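Notes follow once the structure below has been shown.
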Amino acid sequence: MKKIVMFQKSSCGTCKKEKEYLTKANIRVDEIDIVSDPPPREFLEEHIDAGNLDAFINKHSRAYRAFNLANRSVEKSELIELMLKDPNLIKRPIIVDGKKVYFGYTEI
């Protein structure tokens, strides 16, 4: 049975949908709570594409509004700092499938 790691939040509808998909696909999931145990800075630096920062942001989060990200641009380093301050800003779930990493719902 294939095994992946999923950074998720238990109240996240998209995370629940992803887990349901993975379970049906007979993929074992090791779940990590993204809020209490967020991905480390090195992980975010490696996997966030500076050329497409929007793909890694949870635009529905309070943090997105609180940091006023809809009305200003940020560099990758600042975005990662904000994500570390409030992991709810990170697009969920994060799927780690070996060396492949996916942010948001993905049918792997």
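Looking at K19, K3, which one is assigned to a strand (DSSP E or B) and of a type in the set (K, R)?
Working: K19 fails: assigned to a strand (DSSP E or B).
Residue meeting the stated conditions: K3.
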Subset of region 26-42 (residues that are in contact (Cβ under 8 Å) with a residue 12 or more places away in the chain and assigned to a helix (DSSP H, G or I)): R41
Residue match in region 54-64 (condition: surrounded by 10 or more Cβ atoms within 10 Å (Cβ to Cβ), among the aliphatic types (A, V, I, L, M), on the phi < 0 side of the Ramachandran plot and touching a residue at least 60 places away in the same chain (Cβ under 8 Å)): no
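Could you count how many residues in region 75-108 are over 20 Å from N26 (Cα atoms), touching a helix residue (DSSP H, G or I) at 6+ places or on another chain (Cβ under 7 Å) and not in a helix (DSSP H, G or I)? Spell out the reasoning first.
Going through region 75-108, the residues over 20 Å from N26 (Cα atoms) turn out to be 75-92, 103.
Narrowing further to those that are touching a helix residue (DSSP H, G or I) at 6+ places or on another chain (Cβ under 7 Å): 76, 79-80, 82-84, 86, 88-92, 103.
With the extra rule that they be not in a helix (DSSP H, G or I), the set shrinks to 86, 90-92, 103.
Result for region 75-108: 5.
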Unmet criterion (only one of (1) assigned to a loop (DSSP other than H, G, I, E, B); (2) free of Cβ contacts under 8 Å to residues at least 24 places away in the same chain; (3) among the aliphatic types (A, V, I, L, M)) for A70: (1)
Test: residue in region 26-40 that is surrounded by 18 or more Cβ atoms within 10 Å (Cβ to Cβ), in contact with a Pro (Cβ under 7 Å, 6 or more places away or on another chain) and on the phi < 0 side of the Ramachandran plot: yes
Residue in region 98-108 that is farthest from the chain's Cα centre (by Cα), counting only those that are at pLDDT below 95 and surrounded by 13 or more Cβ atoms within 10 Å (Cβ to Cβ): I108
Criterion violated by N52 - all others in (1) in contact with a strand residue (DSSP E or B) (Cβ under 9 Å, 6 or more places away or on another chain); (2) under 16 Å from T106 (Cβ atoms); (3) not in a loop (DSSP other than H, G, I, E, B) satisfied: (1)
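The values are calculated or read from the model by the stated rules, or taken from the named source; none is laboratory data. The structure displayed is predicted, hence computed values, not measured ones. Neighbour counts run over all protein chains shown; Cβ positions are idealised from the backbone, glycine included.
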